[in-house]
1. Show the residue pairs that are 6+ apart or on different chains and have beta-carbon atoms under 8 Å apart, the first residue being within the range 131-144 and modelled with pLDDT under 80, the second being buried (at least 19 other Cβ atoms within 10 Å of the Cβ) and assigned to a loop (DSSP other than H, G, I, E, B).
2. Output the residues belonging to the range 50-73 that are surrounded by 13 or more Cβ atoms within 10 Å (Cβ to Cβ) and more than 19 Å from GLU25 (Cα to Cα).
3. So, of the residues in the range 99-133 that are in a helix (DSSP H, G or I), in contact with a strand residue (DSSP E or B) (Cβ under 9 Å, 6 or more places away or on another chain) and not hydroxyl-bearing (Ser, Thr, Tyr), which turns out to be farthest from THR61 (Cα to Cα)?
4. Mind listing just one residue for me: the one in the range 145-163 that is in contact with a helix residue (DSSP H, G or I) (Cβ under 8 Å, 6 or more places away or on another chain) and surrounded by 14 or more Cβ atoms within 10 Å (Cβ to Cβ) and, of those, modelled with the lowest pLDDT?
5. Please count how many residues of the range 20-64 are aromatic (Phe, Trp, Tyr) and either under 17 Å from PHE144 (Cβ atoms) or touching a Pro at 6+ places or on another chain (Cβ under 7 Å) (or both).
6. Looking only at residues that are out of contact with any strand residue (DSSP E or B) (no Cβ under 9 Å at 6 or more places or on another chain) and among the small types (Gly, Ala, Ser) in the range 54-92, which one is farthest from ALA130 (Cα to Cα)?
7. So PRO43 passes all but one of these: (1) free of Cβ contacts under 8 Å to residues at least 40 places away in the same chain; (2) surrounded by fewer than 16 Cβ atoms within 10 Å (Cβ to Cβ). Which condition number does it fail?
8. Looking for whichever is modelled with pLDDT under 95, over 20 Å from PRO141 (Cα atoms) and of a type in the set (D, E, K, R) here; the options are ARG31, ARG114, ARG39. Which one fits?
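The values are calculated or read from the model by the stated rules, or taken from the named source; none is laboratory data. Remember, it's a predicted structure, so these values are computed and weren't measured experimentally. All Cβ positions, even for glycine, are placed from backbone atoms using ideal geometry, and neighbour counts span all protein chains on display.
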Amino acid sequence: MTPAELEFWRPPRPAARQTPAFRVEFLSPTRFETPPYVRRPRPVYDLTPAPRNVFKSALKTAERLGLWGPAESKRLYRWAYAAVGITDFRVRPVAVSLTGGRTARGFVGWAVYRAFETSMLGEMWRALSAAADFGLGANRPLGFGAVRITPLEGTARPSPRRGGA
């Protein structure tokens, strides 16, 4: 027997989620599949936390979930590409051994982003909540791409490191 109807309910987000600055922590290895510039026998992956990678992946997930259509997704991606910048990051590459002797490469760490134009902050946070709930990047069924997204109040810079000048 197949379900006839599916209902999805999301609790309301606090108002603090409308801030233009946020931090993404990449908790499990993350990688983003990119179209190759030349024909290759295997997929090509981008191992950077660039805003275009984060938003493209989040918007694809939101489209699959039916949160909005392709036209809205394209509009938000164009806005994010032009308005969201990375202000600081620290990532490191990792390799994970899979069954059959295969190896999956990705990165873990964190990145701080800021929207320099705030006309679509509400839509941005809807996309980021889908990313936080369902992950980012390629190979999410393997458990890759788990992220924690934290809004930053007032500033887009993380607090200074201890012991440093």
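1. Correct list of pairs: ASN139/ARG31; ASN139/GLY145.
2. Residues satisfying the conditions are LYS60, ALA62, GLU63, LEU67, TRP68, GLU72, SER73.
3. For the range 99-133, the residue satisfying everything is LEU121.
4. GLY145
5. 4
6. ALA82
7. (1)
8. It is ARG39.
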